[in-house]
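K.L.:
Please read through the structure below; I'll follow up with questions.
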Amino acid sequence: MHDIVIVGAGPAGSSFAKFSAEQGFSVAVIDTLRLEQVWSKPCGNGLVERQLSRTPLSRPRGDELYGVAKDVHVYSPDYSFRVKFREKTYLINRTEFGRRVLEEAMAAGATFLEGTGFRKVIFRDGRVAGIVSSRGELRARLVVDASGSQARVKSQLPAEWPVAEKPPHVALCMRGIFRLDSVEEPETLKVYTDQSLAPRSYWWNFPHGGDMVNVGVGVMPGDYARLKELYRGIVARLPVRGAVQEGGAYLPVSRPPLSLVGPGVLVLGDAAPTVNPLTGEGMGPSILAAHLAAEQLPGFDSWSHEELWAMNEYLRREGADAAAADVLKRLVWSVDAGELQGMMSLFRRKLNLLKLPFHSKLRRALLAARALRNHYRNYPTSPGLDGWSAELRRLEASITF
Ligand SMILES: Cc1cc2nc3c(=O)[nH]c(=O)nc-3n(C[C@H](O)[C@H](O)[C@H](O)COP(=O)(O)OP(=O)(O)OC[C@H]3O[C@@H](n4cnc5c(N)ncnc54)[C@H](O)[C@@H]3O)c2cc1C
């Protein structure tokens, strides 16, 4: 019997393993992958300092880093101008950094069962009491689903548990690491809102160290069948000398879930999802959610559902901003390229921002975003979500553009 069994050793699972093992809890983490493969999922590899700095994880260093970017430049749909943001971002070698996080968890006493698959949830007395893995049963006071977008544990939970809610919006992404003839602005993350190549989305070009870049795009279900063609169109724009690695993966881009917690269970990372639905950033939020959840552990005595509920603190603190970001995502989805170009031009110069209150769609979006943010800030402090989730549904239904 463990205190905690974690399914998945990606950013969410390995961080939670480290944060909880360092507090003296007995922790087992399983993954179908081996130690040297963890965190190997295709990704843009941009880990934002803003979130990392709020956790006890030490910064990526040495071989764990391809570089550090200072800015994000978001290009308008017709590429005629760009809006610049300051955002320090580590471009990480995911497998190197991930292995270090997991090794730190193991050094603190966590057991890592590599090459071990999750099979089934064990229920007892109306709560999750453990799992069946490919190596047998693992009993625990808390089971953590950190299995990524497939949410293996969560998908076996009773549908009436709020934590079992399925994210309605899941993007399918493709990304490649390419060698280029030359890499311009190696300290800048470039994001392109060209709606012909990235419908309802964006494509990105991130530095990857030396002459390499990380280029990719994500699309929503109606465009899944066109993903390869769109991706090829993007790659054709670049002075590519050769592909180093290419791959695809799902990315949930929905508003924050109704709950991260059920009886005997916690859901973190893409399984929740804790991804920012507008930008697609998922690593920083996974690590931060793991940290905020682990901070609650010392307060547990019976590990009842009521006690575990404190781990929903993430929704109150961070989910509020993600819920607001979801409204802006829906705004972007509701406009065509010309309208998006016009809206982005308001953010081009500080002076233009004065026009913002007179743009009816943007004004409505900002008011709706504020209402959603406030609603998540008032997230219930104990189980019982009926009133809160009914109001959430009402607020969401009232958003029209
Ligand atoms: C193309 C792409 C680009 C992205 N770019 C960025 C970016 O630049 N910056 C950013 O912050 N985020 C980015 N994201 C999002 C980010 O990659 C994810 O949010 C993050 O990896 C989520 O971490 P996780 O631990 O929840 O899940 P994962 O990283 O998916 O890890 C889940 C783990 O669970 C294991 N697992 C799954 N099923 C089982 C099972 N049945 N049994 C045992 N183990 C299992 C898997 O092997 C895996 O190791 C991107 C995503 C995509 C798809």
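K.L.:
Provide the per-residue ³J(HN,Hα) series for segment 277-282, in order, calculated from phi with Karplus coefficients 6.51, -1.76, 1.60 and θ = phi - 60°, each as a whole number of Hz, with x at glycine and proline positions.
P.N.:
Ordered by residue, 3J(HN,Hα) equals x, 8, 9, x, 5, x Hz.
K.L.:
Okay, next question. Work out the FRET efficiency for Leu354 and Phe123 from their Cβ-Cβ distance, taking R0 = 35 Å, and round it to the nearest 0.05.
P.N.:
That pair, Leu354 with Phe123, gives E of 0.05.
K.L.:
Going by average Cβ density within 10 Å per residue, which order do the peptides 149-157, 38-46 take, highest to lowest?
P.N.:
Result, highest mean Cβ count within 10 Å first: 38-46, 149-157.
K.L.:
Let me ask something additional. Find the relative contact order for segment 209-315 and round it to a whole percent, using C-alpha pairs within less than 8 Å whose residues are 6+ positions apart.
P.N.:
Reported relative contact order: 21 percent.
K.L.:
Let me ask another. How do the peptides 315-324, 374-383, 191-200 rank, highest first, by the average count of neighbouring beta carbon atoms within 10 Å per residue?
P.N.:
Taking the mean over residues of other Cβ atoms within 10 Å, the ranking is 315-324, 191-200, 374-383.
K.L.:
Quick one: compute the contact order of segment 323-397, relative version, from alpha carbon pairs under 8 angstrom and 6+ residues apart, as a percent.
P.N.:
So the answer I get is 37 percent.
K.L.:
Quick check on the exposure proxy: order Trp203, Trp303 from fewest to most C-beta atoms within 10 angstrom.
P.N.:
By the 10 Å Cβ count, ascending: Trp303, Trp203.
K.L.:
So what does log10 I(q)/I(0) come out to for segment 323-397 at q = 0.17, 0.19, 0.27 Å⁻¹, using the Debye formula with one equal point on every Cα and no solvent?
P.N.:
Per q value, in the given order, log10 I(q)/I(0) is -0.71, -0.82, -1.27.
K.L.:
For segment 246-401, what log10 I(q)/I(0) values come out of the Debye formula at q = 0.19, 0.21 1/Å, with one point per alpha carbon and no solvent?
P.N.:
-1.16, -1.31
K.L.:
Please arrange Val253, Val219 by how many other C-beta atoms lie within 10 Å of their C-beta, fewest to most.
P.N.:
Placing the least packed residue first, the sequence is Val219, Val253.
K.L.:
Another question, if that's okay. If you take the alpha carbon radius of gyration of segment 115-223 and divide it by 2.2 N^0.38 Å, what ratio comes out, to two decimals?
P.N.:
1.56
K.L.:
Another question, if that's okay. Taking only Cα atoms, what is the 0 to 90° angle, nearest 10, from helix 94-107's long axis to the longest principal axis of the chain?
P.N.:
20 degrees
K.L.:
Pairing the Cα long axis of helix 386-397 with the longest principal axis of the chain, what angle in degrees results, from 0 to 90 and rounded to the nearest 10?
P.N.:
Approximately 10 degrees, to the nearest ten.
K.L.:
Name the residue from Leu353, Leu328, Gly338 whose Cα lies farthest towards the positive end of the charge dipole of segment 323-397, charges +1 on Cβ of Lys and Arg and -1 on Cβ of Asp and Glu.
P.N.:
After comparing all options, I get Leu353.
K.L.:
Please report the antiparallel percentage of DSSP beta bridges with both residues in the chain, rounded to the nearest 5.
P.N.:
In the chain, DSSP labels about 70 percent of beta bridges as antiparallel.
K.L.:
What pairs in Lys88/Lys350; Lys41/Lys350; Lys154/Lys190 have C-alpha atoms more than 28 Å from each other?
P.N.:
Going by Cα-Cα distance, Lys41/Lys350; Lys154/Lys190 fall outside the 28 Å limit.
K.L.:
Can you pull a Stokes-Einstein diffusion coefficient for the chain at 25 °C (0.890 mPa s), Rh from Kirkwood over Cα pairs, as a whole number of µm²/s?
P.N.:
113 µm²/s
K.L.:
In nm, what is the difference between 0.36 nm times the number of residues separating Ser80 and Gln37 and their Cα-Cα distance?
P.N.:
Once the chain is fully extended between Ser80 and Gln37, it gains 11.4 nm.
K.L.:
Distances over 24 Å make up what percent of all Cα-Cα pairs in segment 1-140?
P.N.:
41 percent
K.L.:
Given the rule -39500 (n - 2.57) for each run of at least 4 DSSP H residues, summed and divided by the residues of the chain, what is its mean residue ellipticity at 222 nm, to the nearest 500 deg cm²/dmol?
P.N.:
So the calculated ellipticity at 222 nm is -8000 deg cm²/dmol.
K.L.:
Can you compute 3J(HN,Hα) from phi for each residue in segment 109-119, using the Karplus curve 6.51 cos²θ - 1.76 cosθ + 1.60 with θ = phi - 60°, rounded to whole Hz and x for Gly and Pro?
P.N.:
Computed from phi, the couplings for segment 109-119 are x, 6, 9, 9, 9, 7, x, 10, x, 6, 10 Hz.
K.L.:
Right, something else. Sorted from fewest to most neighbouring beta carbons within 10 Å, what does the list Met283, Met220 look like?
P.N.:
By the 10 Å Cβ count, ascending, the order reads Met220, Met283.
K.L.:
With the contact rule set at Cα under 8 Å and sequence spacing of 6 or more, what percent relative contact order holds for the chain?
P.N.:
Computed over the chain, the figure is 18 percent.
K.L.:
Then there's this: Which residue, chosen from Ser26, Asn276, Ala365, occupies the Cα position most advanced towards the positive end of the dipole of the chain, where the dipole is computed from +1 (Lys, Arg) and -1 (Asp, Glu) charges on Cβ about the Cα centre?
P.N.:
Positive-end residue among those listed: Ala365.
K.L.:
From the phi of every residue in segment 40-46, what ³J(HN,Hα) in whole Hz does the Karplus formula 6.51 cos²θ - 1.76 cosθ + 1.60 yield, where θ is phi - 60° and glycine or proline is x?
P.N.:
Listing the rounded values in order: 8, 4, x, 7, x, 6, x Hz.
K.L.:
Rounded to the nearest 10 degrees, what's the angle between the helix 11-21 long axis and the longest principal axis of the chain, both from Cα atoms, 0 to 90?
P.N.:
So the inclination is approximately 40 degrees.
No value in this document is a laboratory result; all are computed from the given coordinates. Since this is a predicted model, take the numbers as computed values, not measurements. Every residue, glycine among them, receives a Cβ derived from its backbone with ideal geometry; neighbour counts consider all protein chains shown.
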